[in-house]
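Structure record follows, encoded as structure tokens.
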Amino acid sequence: MVKVTYIDSSGVSRTIEVAPGVSVMQGAKQNDIPEITADCGGLRTCSSCHVYVDPQWMDKLQPMHKIENGLLAFKETRQPNSRLSCQILMTEDLDGLVVRTLPPEPDEDAND
Amino acid sequence: MSESQRIIVVGAGHAGGTVVAQLRQAGFPGEIILFGDEPFAPYQRPPLSKAYLAGKEGVEELKLRPDAFYENKGITLRLAVTVEAIDREKKLIRLKGGEEVSYDILILATGSRPRRINLPGIALKGVYELRTLADADGLKSAIQPGKRIALIGGGYIGLEVAASAVILGGTAVVIESQPRVLARVASAPLSEYLEGYHRSKGVEILTNSQVQGLEAGKDGQVIGVKLTDGRYIPCDAAVVCVGGVTSDELARAAGLSCDGGVVVDIDARTADPAIFAIGDVTLRPLPLYDNQMFNLVSVPNALEQAKQATAAILGKPRPKPEVPWFWSHQFDVSLQIAGLPLGADDIVVRGDTSGGEFAVFYLKDARILAVETVNTPVEFMAGKQMIARKTLVSRERLRDPAVEMMDVAA
Ligand SMILES: Cc1cc2nc3c(=O)[nH]c(=O)nc-3n(C[C@H](O)[C@H](O)[C@H](O)COP(=O)(O)OP(=O)(O)OC[C@H]3O[C@@H](n4cnc5c(N)ncnc54)[C@H](O)[C@@H]3O)c2cc1C
């Protein structure tokens, strides 16, 4: 088992254990971590599992698929350490990973 | 809403499972009971034809919430229980077996189910439909290396199952009565692309092909499909996937207005102020499309209507009008569709369809009504945003992939 820590937008930190191979998104769903809604269930088609990865872990992650990059490109909240958590599969190397979750967005689609 | 109040949700699918969680999250303090006739807590159906069927995901990944969630949140799950009737006057539901349970608010989330067709041989062994986890498990046993599966109906589910079968080392033949797959739900360029892609992976696609019946072997197992033009397609199993019908019987019997779905308003409320309906079972207005009424069958729609009902029940602000969207995965093709093409006067293809990365925009004058994207999430996200904002675009710029999506506005 490996550990992942999720820090939510209000600063609350939760650490869980998952089996290697489980995605950071799945870990969140299995442990009722708020703020990761993962509407599409991990198919890399929405972007409701967006997280900020603690910068010290960035170079340990698998490189981003261009579809993930394309989805993130349209997020106003994107930062250099933005990832879709469904695309981060946990490994022994990532044991202790820390990610920050974002508050659910008011529909970005429509104008006010 | 107070602690003494009770919300009953009928149908423990994607919509029902979502709305109970949202009600708690939004602070509903009363009792919540979720009734479902399947023996499982709410799970996701999309993987049933994709990752789950192809053996890449297990049951755990399908679950909408971990099992402990419901107890932790004080949500009562009553599974394998069929709701048989609604008494609107007494505000109660009647379960199979006679038990009655009263409600203050009732939410119908009974979904839809596969359309059944009356064909000779339809009840043979090895003929499947695909809606539930139980269906998927049955079908999984039939999809194996070397086995040939016939898909009756070239819609999304048919194509997805065909892809999963091939991924597992089997072969697949898609039988479609229309001149192209996805004829009712996708543009011609998209259908053409997908047909080509599937064929390149070894899937056989037969269009303009009408099924006459299914042929039985000695043991009552299906061994082939007969077409009306005399062709015979041998197979080891068949899946009937010719669209769905809404499960609106409960609502209809209770006198609620139904027209290919339970008629609801922008808050997901029926004409009875104590009864809401959400998900596949509804016929609902879309503000971005002049409030025309639609029966949308998709996960995003279920999520959206759950949000609407929660807001209305708890007196919170109404969610903003949404752009309906949908996705499909076949092999490594990621398909995303936003908006509705109704009333479009032109389509514009952006990108090269033969390159496997393109988008098809449906336009009315200078407005985008819908977009279908293949492996181009930027076009999807941008298109969805422009549909919502009613952005006016230049067709010439939209058609030119060298022009960034940010710069296609007229
Ligand atoms: C194989 C497959 C693949 C799909 N792929 C996609 C996809 O890629 N993207 C996408 O957006 N959508 C997809 N969908 C559609 C999506 O799954 C549905 O839109 C979604 O499940 C709708 O949720 P719902 O809660 O309205 O209905 P359902 O999930 O069908 O839930 C309704 C539940 O209510 C139960 N019920 C009905 N009547 C009663 C009663 N009287 N008493 C008790 N219980 C009752 C039903 O048995 C069912 O469990 C797919 C569907 C299938 C079947």
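Bear in mind that the values in this text are calculations on the coordinates, not laboratory data. Just so you know, these numbers come straight off a predicted model, no measurement behind them. Neighbour counts run over all protein chains shown; Cβ positions are idealised from the backbone, glycine included.
General remarks:
- Sorted from longest to shortest, the spans of the Cα atoms of the stretch B:193-317 along the three principal axes equal 60, 36, 23 Å.
- Label positions at A:N69 and B:V245, each projected 7 Å from the Cα along the C-beta direction, are separated by 4.9 nm.
- Counting DSSP beta bridges with both ends in chain B, the antiparallel % (nearest 5): 60
- For B:K140, a cut-off of 16 angstrom between C-alpha atoms picks up these aspartates and glutamates, skipping any fewer than 8 places away in its own chain: B:E57, B:E129, B:E160, B:D236.
- Rule-of-thumb Rg ratio for the stretch A:2-111 [Cα; 2.2 N^0.38 Å; N residues]: 0.98
- Fluctuation leader among B:I117, B:I157, B:I233 - chain B, Gaussian network, Cα springs under 10 angstrom: B:I117
- Hydrodynamic radius by Kirkwood, which averages 1/r over all alpha carbon pairs of the stretch B:127-242, in angstrom: 14.1
- Relative contact order of the stretch B:332-407, taken over Cα pairs closer than 8 Å and 6 or more residues apart, is 30 percent.
- Look at the alpha carbon pairs under 8 Å that are at least 6 residues apart: their mean separation over the length of the stretch A:2-111 gives a relative contact order of 41 percent.
- Label-point separation, A:Q62 to B:S257 (7 Å along Cα→Cβ), nm: 5.0
- When all alpha carbon pairs of the stretch B:263-376 are counted in 5 Å bins from zero, the resulting P(r) reads 2, 11, 19, 19, 16, 13, 10, 6, 3, 1, 0 %.
- Taking 22 Å as the limit for the C-alpha separation, the pairs B:K50/B:K201; A:K66/B:K384; B:K63/B:K320; B:K73/B:K320; A:K29/B:K56 exceed it in the case of B:K63/B:K320; B:K73/B:K320.
- Normalised size of the protein assembly as shown, defined as Cα radius of gyration per 2.2 N^0.38 Å with N residues, equals 0.98.
- 20 °C / 1.002 mPa s Stokes-Einstein diffusion coefficient of the stretch B:1-95, Kirkwood radius on C-alpha pairs, µm²/s: 149
- The Cα-based radius of gyration of the stretch B:113-161, divided by its Kirkwood radius, gives an Rg/Rh of 0.93.
- According to the Kirkwood relation over distinct C-alpha pairs, the hydrodynamic radius of the stretch B:332-407 is 12.0 Å.
- Each principal axis of the Cα cloud of the stretch B:50-150 was evaluated for its coordinate range; sorted largest first, these ranges are 56, 39, 19 Å.
- Nitroxide proxy distance, nm - points 7 Å out along Cα→Cβ at B:N72 and B:S4: 3.2
- Using the Cβ-Cβ distance between B:A188 and B:K320 with R0 set to 41 Å, the FRET efficiency from 1/(1 + (r/R0)^6) comes to roughly 0.80.
- Residue-span extension gain [B:A134 to B:R94] - 0.36 nm each, minus C-alpha spacing: 11.8 nm
- P(r) tail for chain B: Cα pairs beyond 28 Å make up 52% of the total.
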